[in-house]
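Asker: I have a structure I would like to understand better, so I am pasting it below and will then ask my questions one at a time.
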């Protein structure tokens, strides 16, 4: 018995008991007793299970201690991390603002061939199609035949707006003469701008070269006018001859009578009267003078009739193109079909680029700005400049055309074709033929500083309540300094700034562009 009242255990007795048990087990093993061996193995298995369970309970308790937090610790963990500033460097470089659009490379001139009615008032019909889409066209070439009459291509900048007839004068006649002479058909001796005999001869040769006869002015009536004028001349010539003969006979007779009177000395008779005829020489002389005047008038009429007659150039039979070779861009007509609208579109002149500028970018683009073209077919680039931008907005029609601002045959890019303000870019060099028809990327330099300036991200510029603008500079020691600035050109997400009020800002300074709460970036992004 222990002093605390609990029963005591005799250590020696306890040890002896274990020793006796071990001896008993050993004897059993030695003598082959199977039951004793089974007991030992069973005891060992129970011991192993108890050890594993103890380790598991210990791990579970440790995990629970990690999950259980005090209220103070939970509140601390829920607080957001300290904010940090995002900065960017101040740069000193040129700055440009660009506008990127789409455009289509087209010829500088696109002309639709739209024949009018026939001379007899019938419905015009396509009677010959010597070309197909994509074919090259040279000056003096037959483009199409409408109801047996040709449409011929000639070089010139101004479309033919009237029929050119013999006797006509003007700059359009001069353009026709220039085109004829380029083809080797001389218009001499006509002065430039006057449709005379030399021009008539050249026109006749032009039509003969393409296998047609030119249209005569007035048709049969024109020829009849010349014939009538010729008849008047003939009649006037005969009348004059008759008057001359009568006068000569009268004068001869008067001379004979005067000689007789001189012989006999007779004073009878009236001076100036012919003997036997009694005709007045003065009247005969007057008749001769009038006959001469009538003949001169008839001859002037014949000259005028002949000048007005001859070959003419109907406005529908000639198409002026700026330069050659030209190209058949579109050919909707079919042989034997009735003419309904344009039968052919011919493109000529140097290649240009057409694009359509959307409303929100219209104010950024003006004539003269530089641009760059990129062909995404072969990666080629070319410099260009804005030649013009329309003041009237073009909207697409339901039939796929354009209501305003789109030249015939023109196509665009920017937005949908024909949707926006038509812009024409002129390449700095002549583009190769493979550019024609390509849809290309246009980068227009809308604004540029022209030299190096202080540049900061647009997000670094902030506006105050008083309307002033400033940037915030982050010093190396973490302090922030506000600098008033005046923004200038913007582009590519950056802005030009000019320092105000004697502030200091230089290349390499760090300006604050924002704040983030990412704890990994505490201390400021630099």
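A short reminder: the numbers here are calculations on the coordinates, not readings from a lab. Note that this is a predicted model, so its numbers are computed, not measured. Here the Cβ is made from the backbone with ideal geometry for all residues, glycine too, and neighbour counts use every protein chain on show.
Asker: Suppose each label sits 7 Å from its Cα in the direction of the beta carbon; what would the residue 157-residue 128 distance come out to in nanometres?
Answerer: So the label points at residue 157 and residue 128 sit 3.2 nm apart.
Asker: In addition: What order, most packed first, do the peptides 434-446, 503-515 have when packing is the mean number of other Cβ atoms within 10 Å of each residue? Each step should come with its number before you reach the end.
Answerer: Working: 434-446: 18.8, 503-515: 15.5.
Put in order of decreasing packing, that is 434-446, 503-515.
Asker: Roughly speaking, what is the stretch gain from residue 191 to residue 395, that is 0.36 nm per residue apart minus the C-alpha to C-alpha distance, in nm to one decimal?
Answerer: Numbers: separation 204, 0.36 × 204 = 73.44 nm, distance 4.72 nm.
Here the answer is 68.7 nm.
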